[in-house]
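Data first, discussion second: the structure below is written as structure tokens.
The values are calculated or read from the model by the stated rules, or taken from the named source; none is laboratory data. None of the values given here were measured: they were computed from a predicted structure. All Cβ positions, even for glycine, are placed from backbone atoms using ideal geometry, and neighbour counts span all protein chains on display. SASA here: full protein model, heavy atoms, side chains in, ligands and nucleic acids out. Shrake-Rupley method; radii C 1.70, N 1.55, O 1.52, S 1.80 Å.
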Amino acid sequence: MSNQLEIKHLNASIEGKAILNNLNLTLPQGEVHAIMGPNGTGKSTLAKVLAGHEDYEVDGGEVLMNGENILEMEPDEISRAGLFLAFQYPMEIAGVSIANFIRAALQARLDEGEELNATQYYKELYEKMDLLKIDRKFTSRSVNEGFSGGEKKRCEILQMSMLNPNYCIMDETDSGLDIDALRVVANGVNLMRGADRGFLVITHYQRLLEYIVPDVVHVMFNGSIVKTGGPELAKELEERGYGWLEAEAAVTA
Amino acid sequence: MAQPTLIDNDASESPARPELQHQDAFEQAIAALPDQPDWLIERRQKAWDAFQTLPLPSRKDEQWRFATLNRNVLNQIVPGNGVDAETADRLASRSSFIADHAGQYVFADNQLIDSTPLDPELAEKGVRFVNLETALRDHTDLIEPIFLQAQAELGSEKFVALHKALVTNGTFLFVPRGVEMSKPVVAVYWSSAASTAVFPHTLILAEDNTSVNLVDIFLSDNPEAAGFACSMANIHGGANSRVMRKVVQDWNENTFSFQNDLTIAERDSVVKNVAVNIGALKSRYENMCRIVGPGADVKMYSLTVGEKHQEFDQRTLQVHEAPHATSDLLYKNSLMDECRTIFSGLIVVDDEAQQTDAYQTNRNLLLDHTAEANSLPGLEIKANDVKCSHGATTARLEEEELFYLMARGIPERTAKRLLVFGFFEEIIEKVSNQELAEKIRDIVHHKFTRHQA
């Protein structure tokens with residue numbers, strides 16, 4: 001069993017419209033990979049397919065997480081198997097407090113009949129909230145309800161750090177963040193970096209990658225990875241924009 | 001599922017008890033309350049005559065639209081006539097619903113079986129929390145103007161008449177001018193013997209500048225026995241009073257339940273009703289609020305958990321007779337299996353009730369395709385300077401919300417439950433008594449756990 005997330009020849013569509021087109025990418029644990037690309041190229045679709053969203057039809061290929069094909073699993077199974085998706089647009093859940101929400105998610109990871117240690121849980125929750133500069137009063141607030149954009153994203157990172165995943169897919173986590181919030185979020189992510197965790201940071205802008213420095217940068221276009229390189233590739237994209245990709249794609253075609 | 005009937009095979013134990021519609025039932029009810037004043041006998045006689053004369057409502061009546069009323073609903077039912085000592089002990093020991101109360105009465109099949117005296121501090125200040133018999137003996141002057149005077153206006157004239165004629169027990173809460181209660185007083189009503197009728201009665205008289213808190217709880221001894229319940233609650237909120245009344249209806253699912261509540265809100269009063277509807281096979285709940293004084297603020301909140309073949313038929317009326325007042329109604333229902341809900345609400349604003357703010361919202365959460373939610377919101381506005389709105393929504397669980405929860409590793413079933421409990425939190429938060437709120441959460445969770453088991 002290899003400790004990596006392998007996306008092989010992935011094709012996916014929604015309502016008959018093909019979005020992912022023979023996409024290949026390997027993310028080993030311990031590395032941070034960025035996916036950059038223009039809007040509408042399928043970046044968020046990839047994130048949702050990985051998390052098991054049922055609206056997307058997988059037309060071919062496989063996604064192996066530590067050797068296990070996750071495309072056949074339900075979203076909750078994928079999550080418990082170690083994959084975390086930080087949503088671009090986190091949902092507001094009326095009447096469910098953050099504390100109860102994260103608690104239910106942790107409880108779901110325990111064996112039947114086993115109860116979460118509440119004292120330990122709150123201790124850890126508060127520590128991580130302090131780290132992410134989230135007011136402790138938020139624990140009793142409904143998940144994301146009435147939160148600002150920055151609060152929602154910090155709440156995603158809070159969940160991510162509480163659930164301890166092997167692979168973190170971060171879908172445009174930088175969107176809607178001011179520079180202070182971006183620093184807080186990036187700091188939270190950087191503290192989670194380690195040999196046993198892989199990150200796939202999806203973004204449209206290079207800015208986030210100044211704070212979360214990737215090991216590898218992939219460029220996505222029209223549902224495929226068209227270029228892979230080091231962190232310098234992100235800077236190149238920032239300078240040149242995405243227009244040249246189209247030209248290159250036209251030449252290849 | 002076969003339609004449960006109210007025919008009971010074990011009723012032979014008390015052959016002498018007359019059926020509900022029989023003259024003897026009325027005579028027994030009259031005899032059950034000793035030393036009744038003439039005015040009361042007259043009122044009850046009048047009610048009995050009305051009950052005998054009025055036809056059973058039918059779905060053709062506008063006020064019974066969508067309802068399914070069993071034509072035999074009154075047949076082969078006898079008025080509850082108390083329980084034996086052993087049952088009384090057993091039920092009394094199961095009645096500690098809210099530990100932190102200021103006094104409690106427990107009734108079983110219309111008989112008082114247990115009581116915890118009112119907090120002496122409140123008694124000292126003149127608060128009275130007594131059963132009807134005591135109220136009639138000691139507080140005739142207080143109750144004469146209001147007892148059994150409320151009229152049904154939402155369709156249940158016949159059932160209200162039945163209640164008035166046959167009621168023999170219940171509670172009277174009197175809070176004199178300026179006195180504030182914080183802890184609630186509690187009345188627990190048990191239905192025990194099969195095929196008997198119970199008549200819970202609540203009478204609250206809150207004088208000016210008071211703070212009042214009462215909880216009614218309806219429970220069945222036996223989870224299967226056929227039951228019939230016909231309750232009334234009359235709440236009088238005096239000027240600048242703060243009145244909270246909560247009712248938890250958790251009869252078993254073979255019970256026909258009729259609830260008729262009337263609230264009268266005087267000048268600057270704040271009156272809050274919270275109804276939790278869990279049990280009964282068919283539950284007809286008529287809830288009417290009359291705002292008679294300017295500046296009053298009335299809240300009507302309700303949560304309902306429907307399953308199997310349950311039918312919850314909810315009719316509400318908010319009447320604004322005075323200006324500058326507010327009323328806010330929120331009824332939330334969740335529906336499973338083949339259950340049905342009917343919400344029919346009306347806001348009436350009289351021509352002198354200017355600057356009224358009145359709202360009415362019914363939200364239905366359909367958890368199964370086979371369930372059916374009906375909504376009939378209505379407005380009748382005669383004043384020209386008012387803010388009124390009504391709205392009804394019927395929706396299923398949001399797929400994207402479900403995905404979000406599942407993407408955190410929460411199994412689908414648990415995720416759905418979290419969303420449904422979240423849906424009800426908006427109501428439970430209004431309960432503003434931590435212990436009771438927790439209890440209501442337990443009851444709601446229990447119903448879902450039982451359902452999924």
Checklist entry - Cα centroids of the stretch B:327-376 and the stretch A:89-113: how far apart, whole angstrom? => result 30 Å
Item to check | Ordering of A:178-191, B:185-198 by packing [mean C-beta count within 10 Å, highest first] | outcome: B:185-198, A:178-191
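Sort B:Arg65, B:Arg43 by heavy-atom solvent-accessible area, probe 1.4 angstrom, most to least. If you can, show how the numbers build up before the last one.
Working: B:Arg65 95, B:Arg43 45 Å².
Putting B:Arg65, B:Arg43 in descending order of accessible area: B:Arg65, B:Arg43.
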Item to check | Shielding of A:85-96 by partner chains, average beta-carbon count, 10 Å | outcome: 5
Next on the checklist: Taking amide H atoms as placed 1.01 Å from N in the peptide plane, list the residues 5 or more away in sequence, or in a different chain, whose amide H sits under 5 Å from that of B:Thr263.
Outcome noted: B:Ile235, B:Met288, B:Cys289, B:Arg290
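Apply 1/(1 + (r/R0)^6) to the Cβ-Cβ distance of B:Glu398 and B:Asp38, taking R0 = 45 Å, and write down the FRET efficiency to the nearest 0.05.
0.15
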Checklist outcome for this item: Checked chain B with the C-alpha gyration tensor, a ≥ b ≥ c its square-rooted eigenvalues, rounded below a/c of 1.5, otherwise prolate if a/b is larger than b/c and oblate if not; verdict rounded
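Other chains' Cβ within 10 Å of A:229-239 residues: what's the mean? It would help to have the intermediate numbers written out before the result.
Numbers: counts 0, 0, 0, 0, 0, 0, 0, 0, 0, 0, 0.
Mean partner shielding for this stretch: 0.
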Checklist outcome for this item: Within the stretch A:112-253, the percent of DSSP beta bridges that are antiparallel, given to the nearest 5, stands at 55 percent
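Within the stretch B:241-366, what whole-number % of the accessible surface is contributed by carbon and sulfur, with the 1.4 Å probe and all protein chains included in the calculation? Let's see the in-between values first.
Values: 1210 of 2610 Å².
Answer for the stretch B:241-366: carbon and sulfur cover 46 percent of the accessible area.
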Checklist entry - Between the stretch B:185-210 and the stretch A:186-253, what is the C-alpha centre distance in whole Å? => result 68 Å
Checklist entry - Given a 1.4 Å probe and the protein chains all in place, what does the accessible area of B:His236 round to, in Å² to the nearest 10? => result 30 Å²
Checklist outcome for this item: Quick calc: nm separation of the 7 Å Cα→Cβ label points for B:Arg177 and A:Glu124 -> 6.1 nm
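Please get the size of the charge dipole for the protein assembly as shown, origin at its Cα centre, with Cβ charges of +1 on Lys and Arg and -1 on Asp and Glu, quoted in debye to the nearest 20.
With only Lys, Arg, Asp and Glu charged at Cβ, the dipole is about 500 debye.
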Checklist outcome for this item: Counting only protein heavy atoms and leaving out ligands, DNA and RNA, the solvent-accessible surface of B:Asp49 at a 1.4 Å probe, in Å² to the nearest 10, equals 70 Å²
Checklist entry - Quick one: Karplus J couplings for the stretch B:325-341, per residue in order, coefficients 6.51, -1.76, 1.60, θ = phi - 60°, nearest Hz, x for Gly and Pro? => result 10, 10, 9, 9, 10, 9, 10, 10, 10, 10, 10, 10, 6, 9, 6, 10, 10
Checklist entry - Rounded to the nearest 5, what is the percent of antiparallel bridges among the DSSP beta bridges in the stretch A:4-252? => result 60 percent
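When you count, for each residue, the other Cβ atoms within 10 Å and take the mean per peptide, how do A:36-42, B:177-183, A:151-157 rank with the highest first? Display every interim value, and only then the final one.
Working: A:36-42: 18.9, B:177-183: 16.0, A:151-157: 23.1.
Packing order, densest peptide first, comes out as A:151-157, A:36-42, B:177-183.
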Checklist entry - So what is the 222 nm mean residue ellipticity for chain A from helices alone, if each DSSP H run of at least 4 adds -39500 (n - 2.57) and you divide by all residues, rounding to the nearest 500 deg cm²/dmol? => result -11000 deg cm²/dmol
Checklist entry - What FRET efficiency would be calculated for the residue pair B:Asp442, B:Leu54, taking the C-beta separation as r and a Förster radius of 41 Å, to the nearest 0.05? => result 0.55
Next on the checklist: Using amide H atoms built in the peptide plane, which far-off residues or other-chain residues are under 5 Å from B:Ala296 H to H?
Outcome noted: B:Asp268, B:Ser269, B:Thr326
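Over chain A, with the other protein chains present, what is the accessible area per residue in square angstrom, probe 1.4 angstrom? Write down the numbers at each step before the final one.
Working: 11250 Å² over 253 residues.
That works out to 44 Å² for each residue.
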Checklist entry - Under a plain spin-label model, where a point goes 7 Å from the Cα along Cα-to-Cβ, how far apart in nm are A:Arg183 and B:Ser93? => result 6.6 nm
Checklist entry - Using the Karplus equation 6.51 cos²θ - 1.76 cosθ + 1.60 (θ = phi - 60°), what ³J(HN,Hα) coupling, rounded to whole Hz, does each residue of the stretch B:293-298 give in order, writing x for Gly and Pro? => result x, x, x, 6, 9, 10
Checklist entry - Among bridges DSSP assigns within the protein assembly as shown, what percent are antiparallel (round to 5)? => result 20 percent
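Counting only protein chains, not ligands or nucleic acids, how are A:Glu124, B:Glu62, A:Glu248 ordered by accessible area (probe 1.4 Å), most first? Intermediate values should be presented prior to the final figure.
On the way: A:Glu124 60, B:Glu62 125, A:Glu248 85 Å².
Reading off the accessible areas and sorting them downward yields B:Glu62, A:Glu248, A:Glu124.
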Checklist outcome for this item: Site B:Leu376, offset 7 angstrom along Cα→Cβ, radius 11 Å on amide nitrogen, limited to the stretch B:238-273, gives none
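Per residue of B:410-416, count partner chain C-beta atoms within 10 Å of its C-beta, then hand back the mean as an integer. Let's see the in-between values first.
Numbers: counts 11, 7, 3, 1, 5, 7, 0.
Averaged over the peptide's residues, the number is 5.
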Checklist entry - Counting only residues 5 or more places away or on other chains, whose amide H sits under 5 Å from the amide H of B:Gln314 once H atoms are built in the peptide plane? => result B:Tyr285, B:Ile342, B:Phe343, B:Ser344
Checklist outcome for this item: Classified through the alpha carbon gyration tensor (a ≥ b ≥ c as square roots of its eigenvalues; rounded if a/c is under 1.5, else prolate when a/b is larger than b/c, else oblate), the stretch B:67-157 comes out oblate
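Need the full-extension length gain, A:Ala247 to A:Met192, defined as separation in residues times 0.36 nm minus the C-alpha distance. One decimal, nm.
Details: separation 55, 0.36 × 55 = 19.80 nm, distance 3.81 nm.
Using 0.36 nm per residue and subtracting the Cα-Cα distance, I get 16.0 nm.
As a check on your grasp of the helix formula, calculate [θ] at 222 nm for chain B: sum -39500 (n - 2.57) over DSSP H runs of n ≥ 4, divide by the residue count, round to the nearest 500. Can you show the working numbers first?
Numbers: 10 runs with 105 residues, N = 453.
Using -39500 (n - 2.57) per qualifying helix, the result is -7000 deg cm²/dmol.
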Checklist outcome for this item: Residue-ordered couplings for the stretch A:143-148, obtained by feeding phi - 60° into the Karplus form 6.51 cos²θ - 1.76 cosθ + 1.60 and rounding to whole Hz (Gly and Pro as x), are 3, 6, 6, x, 6, 6
Checklist outcome for this item: At R0 = 22 Å the Cβ-Cβ FRET efficiency linking A:Glu92 and B:Glu426, nearest 0.05, sits at 0.95
Checklist entry - Going by average Cβ neighbours within 10 Å, how do the peptides A:70-82, B:91-103, B:283-295 rank, with the highest at the top? => result B:283-295, A:70-82, B:91-103
